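The block underneath contains the structure these notes are about, expressed in structure tokens.
Derivation of every value follows stated rules applied to the coordinates shown; laboratory data play no part. For clarity, every value in this text was computed on a predicted model and none was experimentally measured. Because the Cβ atoms are built from the backbone with ideal geometry, glycine has one as well, and the counts that use them run over all protein chains shown.
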Amino acid sequence: MRLRSDLIGLQTIVYREYKRIMRIWMQTLLPPSITMALYFVIFGNLIGKRIGQMNGYDYMQFIAPGLIMMSVITNSYGNVVSSFFGAKFGKHIEEMLVSPLPNSFIIIGHVAGGLMRGLLVGFVVTIIALFFTKLDVQHVWVTLTTVFLTSIVFSLAGFINAVYARNFDDIAIIPTFVLAPLTYLGGVFYSINLLPEFWQAVSKANPIVYMVSAFRYGILGEGLKQDIPISWAYVIIIGFIVLLFTLSLYLMKTGRGIRE
Amino acid sequence: MASDDLTKILISMAQQSDGPGMILMTHSVVVSSAHALLESPFSIVKPRIGPGKANNPMKALSISGLQKTYANGVQALMGIDLEVEEGDFFALLGPNGAGKTTVIGIVTSLVNKTAGQVKVFEYDIDEDLDGAKACIGVVPQEINFNQFEKVSNVVLNQAGYYGIPRTLARERTEKYLRQLQLWDKRQELSRNLSGGMKRRLMIARALVHEPRLLILDEPTAGVDIEIRRSMWDFIKRINAQGTTIILTTHYLEEAESLCRNVAIIDEGKIVVNDQMNRVLRELQFETFIFNLCEEIKQVPVLDGFVVRQLDEQSIEIEIGPEQNLNQIFEKLSALGLTACSMRNKTNRLEELFMKLVDSKNNHDGAEQ
């Protein structure tokens with residue numbers, strides 16, 4: 001009986017998040033689509049023609065999966081951090097906190113919101129990419145599971161950022177100074193095999209490398225010279241999900257940044 | 001508890017209320033009133049259970065040894081004991097910073113307690129927090145709904161968080177928005193509502209899961225008199241239907257006219273806890289307003305009574321414990337005045353506070 005009630009609560013958060021994403025589509029869906037279209041035009045079309053091939057693929061083909069993944073990462077993160085911090089700032093988070101809805105469902109509901117926006121933007125960016133290059137998905141399940149799980153990882157990361165954040169600066173610092181460098185250095189625009197050995201080793205400490213690499217493998221397939229073994233990518237992504245979800249639960253239970 | 005301490009609390013509360021202006025009062029009456037309060041059974045620090053509570057009915061709220069120390073070291077609650085019976089209309093009063101909102105925060109799980117036990121309808125918040133939460137509806141002091149949501153969605157979402165199926169949630173949303181005169185505004189963005197409407201929206205939201213205990217934390221702050229009265233009529237009906245109400249307010253006449261039991265909290269301790277009528281009776285003085293049949297040019301002098309002129313045909317007179325109404329009628333007749341009608345001035349609690357303010361101010365002035 002209680003599970004049924006909790007599922008209604010979860011459904012409420014998910015529906016509320018969906019409506020929020022759609023209500024402010026000019027902030028949530030349009031800007032990333034325009035940004036990614038510019039990336040395709042400038043890096044893929046104009047500069048990419050001069051670069052030639054990367055790991056045996058046209059540069060445009062090579063960066064398309066990376067750009068899709070980059071948009072999924074930033075939008076999953078951005079959705080949860082802004083929605084949850086907005087609720088904290090406006091105090092309407094209290095509506096959920098005083099209700100009997102379990103903490104785990106509050107987290108899952110917000111992660112679902114991040115997932116929705118991440119995948120929606122990813123879908124739109126994929127459509128844009130098809131105007132510039134051909135994408136024959138080689139491993140559908142690898143592609144779908146990688147993008148899905150990666151979106152969860154960064155939704156959870158956004159949730160934790162929102163829990164700790166005390167002002168709007170705090171929700172901008174992590175995306176600017178941590179997320180953006182990790183994404184740009186995560187093999188979106190280049191293969192880490194191009195780097196000297198030392199920097200290759202350093203790059204392998206960046207979890208985004210595994211996510212981008214696995215997603216690129218899913219789309220481009222066996223012809224791609226693998227930067228990273230696919231199994232390692234899954235281990236790391238799932239490991240991060242478990243770690244970040246546990247931390248989120250702990251923060252909600254102790255009330256860090258939420259309860260006095 | 002020291003006389004000065006109690007006076008300080010009452011003064012603080014009176015200064016926060018929108019009470020009447022300066023009231024003339026002899027120092028002896030003030031002191032006797034304060035002493036009556038201090039010596040009365042309800043003024044002891046340890047809360048006592050009134051006679052009506054002997055049958056041991058279900059407790060809507062049971063708090064024992066509740067303590068809260070904030071991270072900055074401020075000790076907001078210092079071991080509070082409090083019980084509210086099911087069906088009660090209970091006033092929790094106290095000056096700003098006394099600890100009222102901290103108590104409410106702990107009961108509603110928005111504040112973590114440091115020590116003590118809280119039970120809501122026998123659900124211990126340490127053992128079954130979700131069970132306790134399901135019983136409570138809360139109307140907080142500050143506006144805390146999403147101002148970018150439509151009015152109906154604010155209520156519908158809250159119903160969802162409490163696990164109410166969508167169809168039933170829609171029915172109840174309509175029911176409570178209609179009852180609180182917000183149905184016509186259901187499609188408006190909630191930020192566009194007036195202050196009074198926002199307060200009513202929070203009441204509708206708090207009621208949508210039909211809680212057994214409704215906590216109202218200063219729900220009428222900044223609301224005009226007409227809306228305030230309609231809100232209280234509504235809340236009284238909810239209470240009559242069996243919902244337990246806990247109210248904090250700075251409008252003391254509201255507490256006086258609405259609540260059956262009262263607790264006063266100050267500096268993290270309960271200093272008064274008893275039935276409202278016993279508290280008021282212990283004040284030992286009352287004020288009556290007399291409408292005279294004749295116009296008066298100056299305040300009539302009634303030996304032994306404090307008289308104030310309200311307008312050309314109205315006066316108010318205070319009656320102490322040793323005085324009675326017959327004495328007043330006799331004295332008025334002797335002056336050739338006739339009382340056409342008479343009524344009790346209801347905000348006695350507020351009166352007491354204001355008198356103590358005057359007393360304190362006079363006392364301070366004399367010392368200087």
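One table, with the values for the structure above:
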quantity	calculated
Packing-based order for A:132-140, B:154-162, B:268-276, using average beta carbon neighbours within 10 Å, highest first	B:154-162, B:268-276, A:132-140
Within 10 Å of each Cβ in A:86-96, the average number of Cβ atoms from other chains	5
Per residue convex hull volume, Cα atoms of region B:82-167, in Å³	141
In nm, spacing of pseudo-spin labels at residue A:51 and residue B:188 (7 Å Cα→C-beta vector)	5.5
Taking region A:34-88 and dividing mean pair separation by its residue count, relative contact order in percent (alpha carbons under 8 Å, at least six apart)	26
Peptide B:120-133, shielding by other chains (average Cβ, 10 Å cutoff)	1
Among A:57, A:32, A:18 - extreme Cα towards positive end, dipole of region A:12-66, charges at beta-carbon	A:18
Rounded FRET efficiency, nearest 0.05, which uses the C-beta distance separating residue A:193 from residue A:256 and R0 of 56 Å	0.85
Helix axis angle, A:103-130 relative to chain A longest principal axis, alpha carbon, degrees	30
Sites residue B:340 and residue B:312, calculated FRET efficiency, Cβ-Cβ separation with R0 22 Å, nearest 0.05	0.95
Ranked packing of A:161-169, A:19-27, most packed first, by mean Cβ within 10 Å	A:161-169, A:19-27
Peptide ranges B:137-150, B:87-100, B:165-178, A:145-158 listed from the most packed, as the mean C-beta count within 10 angstrom indicates	A:145-158, B:87-100, B:137-150, B:165-178
Candidates A:97, A:29, A:194, ranked by Gaussian network fluctuation over chain A, Cα under 10 Å, top entry	A:194
Cα-based Lys proximity count in region A:2-254, under 21 Å, for pairs eight or more positions apart or on separate chains	8
MRE, 222 nm, helices only [DSSP H, n ≥ 4, -39500 (n - 2.57), over chain A, to nearest 500]	-23500 deg cm²/dmol
Per-bin percent of Cα-Cα distances, region A:2-254 [5 Å]	1, 6, 13, 18, 19, 16, 12, 8, 5, 2, 1, 0, 0
Candidates A:16, A:216, A:50, ranked by Gaussian network fluctuation over chain A, Cα under 10 Å, top entry	A:50
Antiparallel %, DSSP beta bridges [both residues in the protein assembly as shown], to 5	70
Average projection area in nm² (convex hull over Cα atoms of region A:164-252, one quarter of hull surface)	7.1
Estimated Rh, the protein assembly as shown: Kirkwood, alpha-carbon pairs, angstrom	28.5
